[in-house]
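Please read the structure below before turning to the comments.
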Amino acid sequence: MIVLKFGGSSVADAACMRQVAGLVKAALPQSPLVVLSAMGKTTNGLFEAAKAAEAGDLGGAMERQRKLMASHRKAAEDLFAGEVPEELDVALTDLFGELELLLRGVAMLRELSPRSMDAIASLGERLSTRIFSAYVGGAWVDARTVLRTDAVFGEAAPQQDAIRSLAAEHLQPLLGPGRAVVTQGYIGATEDGLTTTLGRGGSDFSAALFGAALGAAEVQIWTDVEGVLTADPRIVPEALPIPELSFAEAAELAAFGAKVLHPATIQPAVEARIPVTVRHTQKPEGRFTTISAEVRTGRPITALASRGPVTVLTVSSSRMLAQSGFLARLFEVFGRRGVSVDLVATAEVSVSLTVEAGMPLKALIKDLSAFATVEVNEGRAIIAAVGERLKSTPGLGARLLSSLGDINVEMISMGANEINLSLVVRQEQGDEALRRLHHVLVGGTP
């Protein structure tokens, strides 16, 4: 069996759902489990309605609720030529009644807890899957009966042993050649039945969790691009789809700015050694990327990713010289302040680190200044070159740096896994640096 996951843009309206239904029907011999996101912009609308209710604007919350109800009913009517099946009509009415009750409760208390927000946010996926399963004729399964999580609302952690057991109970009996099963991404539930959400990249994560639990042959992520590209096409128009990626490469690219996959998304598939493919919903016969445990393509560099703005902190102290414990003290400060470090480069008496923009710099600098001097350079960008043979290809580093010409590199860091070479440049030069480095990637000369 296979898992097919479709994002919000793939199920944005009736026309999109028809396209997805065609893909699902073509996959029926492979016993597909279909995992859907909410219809495009629905989750944002639910958040806006919840925030309005929290502010005491019940009228505004109800107006947003009515708009969401109208868009979903229109999709259902378009799919069924105006004759919405009674069972679907009742299900939609019940779901919007539930949303209204939740919003009224938030407005009455003027309080929007993470638990309440998860309950409200879950309505998007529950609505889209009700409509789609009725149209495609597949069994509808409430993901909350299978995707068991802890009680950290807003970004719940899945409990994979429980998910495996529940999938065998609630999903496996429904799967088989010629039958599609439709369920939701992004949402889960605690052991006590409280609704949770998985946070960023939640629907992709759900698909990988279901795939791992069921021993799927493949997890297909259907989106609006032909796989993972060699660079951001908005910056590098000539970027190309990558036929194959290793899990390690995909995780590095996602961590450093690639938008297709979030690193946590593929982790369950990594552990279960299930290939993940990234495909274009509107171009099902087009190119796509296969991500698997190991890929030996012989490429020195697979792709480039960029992220910014970031801030570079250079922490210097003569106490570093031949003294143990300095780095432990340094990183204790970052840990205490809850600041994540991306890149690290060390010298005899200094350490340079990059952190995301918007971190509590004043407090961080105050703490660090107690035992070191701190130089701060804001408005920088990280360009990451990722590839399995990066380290073992002679002369590659020279070619990359030569290609930058007059663009000054302020920091260089080779990842511990030896497949990521990251360069830090000024933010305003980041796009041009990415284009020049990509020219080397596709075989050009500096």
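The values are calculated or read from the model by the stated rules, or taken from the named source; none is laboratory data. What you see is a predicted model, and the numbers here were worked out from it, not measured in a lab. Heads up, the Cβs are rebuilt from the backbone with ideal geometry, glycines too, and the neighbour counts pull from every protein chain shown. Quick note on the areas: whole protein, heavy atoms, side chains included, nothing else; ligands and nucleic acids left out. Shrake-Rupley method; radii C 1.70, N 1.55, O 1.52, S 1.80 Å.
Calculated translational diffusion coefficient of the stretch 158-206 (20 °C, 1.002 mPa s; Stokes-Einstein with Kirkwood radius over alpha-carbon pairs) equals 177 µm²/s. The protection proxy used here, the mean number of other Cβ atoms lying within 10 Å of each residue, ranks peptides 358-370, 63-75, 208-220 as follows, highest first: 208-220, 63-75, 358-370.
Sorting Trp140, Trp222 by accessible area puts them as Trp140, Trp222; the probe is 1.4 Å, largest comes first, and only protein heavy atoms count.
Put +1 on the Cβ of every Lys and Arg and -1 on every Asp and Glu Cβ in the chain; which of Ser10, Leu441, Thr43 then has its Cα farthest towards the positive end of the dipole? Looking along the dipole axis, the top candidate is Leu441.
The modelled label-to-label distance between Glu428 and Glu86, using points 7 Å beyond Cα along the C-beta direction, is 6.9 nm. Of the residues Phe326, Phe80, Phe247, the one that moves most in a GNM of the chain with alpha-carbon contacts below 10 Å is Phe326. Across the chain, the relative contact order, built from alpha-carbon pairs under 8 Å that are at least six residues apart, equals 13 percent. Students often get this wrong, so try it: which of (i) 101, 51, 35; (ii) 74, 47, 36; (iii) 74, 51, 39 is Cα extents along the principal axes in Å as calculated from the structure shown? Structure-derived value, by its label: (iii). All other residues whose Cβ lies under 14 angstrom from that of Val106 are scored, Lys and Arg at +1 and Asp and Glu at -1, for a net of -2.
Placing unit charges on the Cβ atoms only, positive for Lys and Arg and negative for Asp and Glu, gives the chain a dipole magnitude near 600 debye about its Cα centre.
Express the carbon and sulfur contribution to the solvent-accessible surface of the stretch 1-139 as a percent, rounded to the nearest whole number, probe 1.4 angstrom. Carbon and sulfur: 52 percent of the exposed surface of the stretch 1-139. The largest-to-smallest principal axis extents of the Cα set in the stretch 18-85 are 51, 26, 16 Å.
For every helix of n ≥ 4 consecutive DSSP H residues, a contribution of -39,500 (n - 2.57) applies; sum these over the chain, divide by its total residues, and give [θ] at 222 nm rounded to the nearest 500 deg cm²/dmol.
-13000 deg cm²/dmol
Pairs of Lys residues in the chain that lie 8 or more places apart, or on two chains, and have C-alpha atoms under 18 angstrom apart add up to 10.
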